[in-house]
Amino acid sequence: MAEPLLEVNDLRTYFSTEEGIVRAVDGISFTLDRQERLGIVGESGSGKSVTAMSIMRLIEPPAGEVVTGTITFKGRNLLEYDEADMQDIRGGQIAMIFQDPMTALNPVYTIGDQLMETIMLHQKVSRKEAYDIALTAIEDVQIPGAKSRMETYPHELSGGMRQRIMIAMGLSCNPDLLIADEPTTALDVTTQAQIMDLMLHLADERGTAVMLITHDLGVVAGFCDNVQVMYGGGIVEKGTVGQLFANPQHPYTWGLLGSLARMDEEEQHRLRSVRGAPPSLINLPSGCRFRPRCDFAVDVCAQAFPLLRDSGEPGQESACHRANELDLKSIVQEEEVTA
Amino acid sequence: MTDTRGAGERLEELDAVEGLAVEPITQWDLFWTRLRRHRLAMVAAGVLTFMVLLVVLAPLLPFEDPTQRLLDDTGRTLRNIGPRGGILFGTDELGRDVLSRVVYGGRASLIVGGVTGALVCTMGTLVGSIAGYYPGPVDQSLMRFTDLVLGLPLLPVAIVVGRILPDVEWLPSWVGDGPIGIALLLGFLSWGGLARIVRAEFLSLREKEFVEAARAAGANDRRIVFRHILPNAISPIIVQTTLIVGIAIIVEAALSFLGFGIPPPTPTWGGIVSEGGRIAVRGFWWQLVFGGTALVVTVLSINFLGDGLRDALDPTQTIERK
Amino acid sequence: MFAYIIRRLVYGAVTLIALSFIVFMMLQAAGSPLDRLYLNNLLEDGFIEEVTRLWGLDQPLLVQYWKWLTNYVQPLDFSPQNIIPWIVLGIVAVAIAAIWRFAEPRFRPAWILGVVFVGAMVALRNMNIEFDWGISFNSGSTLVWDEVFSRAGATFRLGFTALGIALIVGIPLGIYQALRQYSFFDQLGTFSAFVAFSTPIFVIGVALQTYVAFRFEEWTGVKLFFVAGMTGDNYAQLSFIDQMGDIFRHLTLPAISIALISLAGYSRFQRASMLEVMRSDYLRTAKAKGLSRRTIIVKHALRNALIPIVTLVSIDIAFIIGGAIITESIFGWPGLGRKYIEALGVVDFPVIMAIVLVIGIGIVIMNIVADILYGVLDPRVRYD
């Protein structure tokens, strides 16, 4: 088996605040292969964005810090890189696209300036060549009138256009990994699908692996190979998209799926919601972090912290004490019958 | 109101069952916690309280008459006597007790600061709210007027007014000669900034969902303004007002320093610094130092308090790292 | 954009009229100028009759104000001395046409402003300009125009030095503090800024004058700074280097007195603005691109963090002029501010009104300059 592109092992990123230590990411491990499309799903505050920021080493001490763990990228631990080496990685080998395109571009420089800056930083090219690469990049993301776009400022473009520019910027140096942090959340629904299609199509062309961070299971279903669900700073379930949707093993995943309106199922079912609010990452509940919101909690859930273990189909893992005894899939059906 | 309380109680019950109950924190508690944590602001509040008490209670305390010269045993005037036991801050050129002059001088400063602050707070909030709540011609004309007032350079105009106030015959003497006249003047010249800020707050708040919701629920204009918008605009109002109080005290002192403020023999900090500066070249430093210190410490306290209030009132500052 | 500039000029004119009207009426409220003229025994026979006729002193207030206004804006002489002003006019016209054709729209106002400013400076040097601002009611002989014109330069020198000090020290200070947030230096800076911000200009001025200029020389025998004045008595005989030294030793203390408060304000504001930019999404993007910290700060953060300070400076201009009035009186600086105080002491109508007008014009122009500068720095601004 080939070495994975990215291997995260027992990553813990904590923030210190006046109220106490926030365990934003608390011991997660996963791997990402070349050209894989991995979806990371979770509510706000589940630690998915912090995971991405940790990989990019964008967490700034002393506010937050990667406390332990390794992030092995192409065989080397990113956490051991010095700042100069890390700068080559960022934008060059791992690119990142952020949630809000309205504020992600510097308002005082033109689109062309900002694209060319990235290109000239990571590729040994002249200004002229950089200009041409930037022009192609804008054409690639299907923005008409690329030449005149080079001279425009971000505020003259719509949100969707700006996100296209961000994608162009992210992919302009042919990175091995593209981290997209809720890239379409701030856009309206019709643009969302276009942007996702465009991004993944371009990533495939370049052989770039994509790590898609989202709270939207629908997006994951449509665009990802594998998915992992995060809750309270940890991964509670991982598997292929097919496994997770057909046979959720963790009550939280089950809850999330229940809140999703599905078009592909013939019978209608009532939408469920996960009750309560995400846990405070300062005072975590004892045992399983999902326990206070879980409909199936028993005594053991308060006593022991559940680790990820195989459950369900091969390759599928879940962090629930009762994963093997609960048949969540059939509970759904029962509910539908009673409803 | 009843239904929200019901929901809140239900949630608390839920939390309690799940062992996640949290002490409910009101905005007021948060405000106090944050303000108390701002140590400089607390010290400043203490200093200001002390100053106000001292100035108000001065006639009851054993201070010399600030306008009366001190005499020694042989009946000679004690001119320019340095600080010593009994005359802690020394005496001035006319033999008057500097300590008592500094204390009584605080009167003018604090009255000017307080009255100007009250005036600016009222006018600025009023004009700003009206302009912000009634867009169109009302807003336009009020804002043009505000721009005009803001366009007037404070000190050059204040100096003119300070100069001519005592000469205006038809003004009652408590306006012409006292701190009230100066305060009225400064108040009328400096409400523009606050009006603009309040208007901007109103413009953004009136479009917010909770105001829409209140309107949809049938709340009338008065209720919307006083219950939903103004409480949210309170932070900039307080912060701007404290800023203006500090500036007013400085400008009053500057007018007195230039000889266009409250006329002598009434003591003012500006006047004390002016006279102190003249005699400090001869080595008689105490008037300059004590008068100047009183002024700087007061304004500094007001500014620190304002800073503390801003931090405490800022609802976005929930978890800031120390 | 032309509409914008014209609108700004109209607003400016309205402000000026309001300012002059208020000051005029205030002065009148303290008693008719005629009463003061009759008390003044320095005046020659016939002077009172002449100014009464000229300024309509025996007529209703509004008529008097109208006469004043029309007199003040009417040039007495505005003729070119030689051909140079005409050449300048031609060059400026061509330059503006060229700017219109070639410059990017958002830089046009700045370019035009620059060309007009330089052109006006060169042209005015080669012109006879004189406005009929009357004769001082106090002396009965000095021309107000000459008096104000000759003193404007001194105030200009003082004000701009103060502004320069405040900007050059205040902005880097604020940026440095923001980059070292919560460090000892940052906290010291914040505390000092609060103290400076709370210390009235006259307290600083008197303290500097007394101790740094006067007592320091007494104690050490070394004369560092002069106590008063703009230049020494022997200024004309000094070499160029010595002249610069002389100017420096006169200018430093009054300029610092004015600058300190502004400096404190700028550093506080710049710190806050820089911190805000440092937290912005686009800076995170810049980091994620792989830029070095240096490039991020210098190219991406600074450019944005400097924009809001322009507004602060434009508000601060009026304050600096106010500071100049106080400082000039303390340091015997022969500028407009001291003249203003002197004229107010004796309620010398024409002089007070002339200085108020000049101060107002200065503020209006500086505000327009600041607005245009803002447009240059921030591409999001549109002039319409």
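The values are calculated or read from the model by the stated rules, or taken from the named source; none is laboratory data. Nothing here was measured: the structure is a model prediction, and the numbers come from that model. For neighbour counting, all protein chains shown are included, and Cβ atoms are generated from backbone atoms with ideal geometry for every residue, glycine included. These accessible areas exclude ligands, DNA and RNA; they are computed on the full protein's heavy atoms, side chains included. Shrake-Rupley method; radii C 1.70, N 1.55, O 1.52, S 1.80 Å.
Compute log10 of I(q)/I(0) for the protein assembly as shown with the Debye formula, placing one identical point scatterer on every Cα and leaving out solvent, at q = 0.04, 0.05, 0.06 Å⁻¹, to two decimals.
Taken in order of the listed q values, log10 I(q)/I(0) reads -0.29, -0.44, -0.62.
Could you compute how much accessible surface C:TYR176 exposes when probed at 1.4 Å, giving the result in Å² to the nearest 10?
Here the residue's solvent-accessible area equals roughly 100 Å².
Mean Kyte-Doolittle of at least -1.0 and a Cα length of 30 Å or more along the axis: which whole DSSP H helices of chain C meet both?
C:2-29, C:144-179, C:240-278, C:307-330, C:349-377
Filter the GluC sites (Glu not before Pro) in the range A:129-165 down to the DSSP loop ones having no more than 12 other Cβ atoms within 10 Å, then list what survives.
Listed in order of number, the matching sites are A:GLU151.
Please report the antiparallel percentage of DSSP beta bridges with both residues in chain A, rounded to the nearest 5.
Among the beta bridges of chain A, antiparallel pairing accounts for roughly 60 percent.
From the helices alone, meaning DSSP H stretches of at least four residues, give me the mean residue ellipticity at 222 nm for chain A, per-run term -39500 (n - 2.57), in deg cm²/dmol to the nearest 500.
-9500 deg cm²/dmol
State the three equivalent ellipsoid semi-axes of the range C:145-377, derived from the C-alpha gyration tensor as the square roots of 5 times its eigenvalues, in descending order and whole Å.
Working: eigenvalues 269, 100, 51 Å².
Listed largest to smallest, the semi-axes of the range C:145-377 are 37, 22, 16 Å.
Could you give the C-alpha radius of gyration of the range B:35-112 expressed as a fraction of 2.2 N^0.38 Å, taking N as the number of residues it contains?
Against the empirical 2.2 N^0.38 Å value, I get 1.36 for the range B:35-112.
Count, for each residue of A:155-163, the Cβ atoms from other chains sitting within 10 Å of its Cβ, then give me the mean as a whole number.
Taking all residues of A:155-163 together, the mean is 1.
How far is helix B:2-17 tilted, in degrees, relative to the longest principal axis of the Cα atoms in chain B, given as a value from 0 to 90 rounded to the nearest 10?
Here the helix axis deviates by roughly 80 degrees.
Describe numerically, in nm with one decimal, the distance between label points set 7 Å from Cα along Cα→Cβ at C:TYR182 and at B:ASP65.
Between C:TYR182 and B:ASP65, the simple spin-label model gives 5.9 nm.
Could you order C:PHE331, C:PHE107 by accessible surface area, starting with the largest, using a probe radius of 1.4 Å?
The most accessible residue leads, giving C:PHE107, C:PHE331.
Taking 40 Å² as the minimum loss, tell me which residues in the range C:171-215 lose that much accessible area going from the chain by itself to the full protein complex (1.4 Å probe).
Residues losing area: C:TYR182, C:PHE191, C:PHE194, C:PHE197, C:SER198, C:PRO200, C:PHE202, C:VAL203, C:VAL206, C:THR210, C:TYR211, C:ARG215.
For the range C:76-129, build the convex hull from the C-alpha positions and give me its volume per residue in Å³.
Hull volume over Cα atoms, normalised by residue count, gives 64 Å³.
If you take the accessible area of C alone, add that of A alone, and subtract the area of the pair, what total do you get in Å², probe 1.4 Å, to the nearest 100?
2300 Å²
What total accessible surface area, summed over both chains, is buried at the interface between chains B and C, computed with a 1.4 Å probe and given in Å² to the nearest 100? Spell out each step's value before the answer.
Working: alone 18200 and 21220 Å², together 35750 Å².
Approximately 3700 Å² gets buried when B meets C.
Might you work out the accessible area of B:GLU93 for me, using a 1.4 Å probe with all protein chains in place, and round it to the nearest 10 Å²?
Its accessible surface works out to 50 Å², give or take rounding.
For chain B, set up a Gaussian network in which alpha carbons nearer than 10 Å are linked by springs, and say which option among B:LEU88, B:LEU243, B:LEU186 fluctuates the most.
B:LEU88
If the cut-off is 14 Å between C-alpha atoms, which aspartates and glutamates fall inside it for A:LYS238, apart from same-chain ones fewer than 8 positions away?
Output for A:LYS238: A:ASP225, A:ASP310, A:GLU313, A:GLU317.
Would you list which lysines come within 30 Å of C:LYS339, measuring only between C-alpha atoms, while excluding same-chain residues fewer than 8 positions from it?
Excluding near neighbours in sequence, the set is C:LYS67, C:LYS223.
Determine the shape class of chain B: with a ≥ b ≥ c the square roots of the Cα gyration tensor eigenvalues, call it rounded for a/c under 1.5, and otherwise prolate if a/b is greater than b/c, oblate otherwise.
Oblate is the answer for chain B, as a/c is 1.5 or above yet b/c matches or exceeds a/b.
Compute the acute angle (0 to 90°) between the alpha-carbon long axis of helix B:269-280 and the principal axis of greatest extent of the alpha-carbon atoms of chain B; round to the nearest 10°.
Rounded to the nearest ten degrees, it is 40.
Across peptide B:158-165, what mean number of C-beta atoms from other chains lies inside 10 Å of a residue's C-beta?
That average works out to 6.
So what's the gap between the Cα centers of the range A:196-266 and the range B:165-220, to the nearest angstrom?
56 Å
Could you pull out the pairs from A:LYS128/C:LYS289; A:LYS124/C:LYS289; A:LYS124/C:LYS287 whose alpha carbons sit more than 23 Å apart here?
In this structure, no pair lies more than 23 Å apart at Cα.
Could you identify which residue out of C:LEU69, C:LEU224, C:LEU27 has the top mean-square fluctuation in a GNM of chain C using Cα springs shorter than 10 Å?
Answer for the Gaussian network model of chain C: C:LEU224.
Mind checking the mean number of beta-carbon atoms from other chains within 10 Å of the Cβ atoms in C:109-119?
On the way: counts 0, 0, 0, 0, 0, 0, 0, 0, 0, 0, 0.
Average neighbour count from other chains, rounded to a whole number: 0.
Rounded to the nearest 5, what is the percent of antiparallel bridges among the DSSP beta bridges in the protein assembly as shown?
70 percent
GNM on chain B, C-alpha springs below 10 Å: top fluctuator among B:VAL168, B:VAL98, B:VAL120?
Maximum fluctuation in the GNM of chain B, among the listed residues, is at B:VAL168.
Which whole-number value in Å² is the accessible area per residue of the protein assembly as shown, probe 1.4 Å?
With the other protein chains kept in place, the protein assembly as shown gives 47 Å² per residue.
Farthest toward the dipole's positive end in the protein assembly as shown, which of A:PHE305, A:ALA137, B:ALA294, given Cβ charges of +1 (Lys, Arg) and -1 (Asp, Glu) about the Cα centre?
Going by the Cα projections, it comes out as B:ALA294.
Taking amide H atoms as placed 1.01 Å from N in the peptide plane, list the residues 5 or more away in sequence, or in a different chain, whose amide H sits under 5 Å from that of A:GLY39.
A:LEU212, A:ASP225, A:ASN226, A:VAL227, A:GLN228
How large is the Kirkwood hydrodynamic radius of chain A, in angstrom, based on all distinct alpha carbon pairs?
21.2 Å
Please report, as a whole percent, how much of the solvent-accessible surface of the range C:130-197 comes from carbon and sulfur atoms (probe radius 1.4 Å).
Working: 2280 of 3180 Å².
Looking at the range C:130-197 in its full context, I get 72 percent from C and S.
Any idea what angle helix B:27-37 forms with the longest principal axis of chain B, computed on alpha-carbon atoms, 0 to 90 degrees, nearest 10?
With rounding to tens, the tilt is 40 degrees.
Arranged from highest to lowest average of other beta-carbon atoms within 10 Å per residue, in what order do the peptides B:144-155, B:36-47, C:232-243, C:205-216 appear? Please list the in-between numbers first.
Numbers: B:144-155: 18.7, B:36-47: 16.2, C:232-243: 10.8, C:205-216: 20.6.
Packing order, densest peptide first, comes out as C:205-216, B:144-155, B:36-47, C:232-243.
Compute the Kirkwood hydrodynamic radius of the range B:239-297, taking the inverse of the mean of 1/r over all pairs of distinct Cα atoms, and give it in Å to one decimal.
Values: mean 1/r = 0.0850 Å⁻¹.
Over the range B:239-297, the inverse of the mean reciprocal pair distance is 11.8 Å.
For chain A, return all DSSP H helices satisfying: extent of Cα atoms along own axis at least 20 Å; mean Kyte-Doolittle hydropathy at least 0.0.
What comes out of the filter, once short or polar helices are dropped, is A:189-206.
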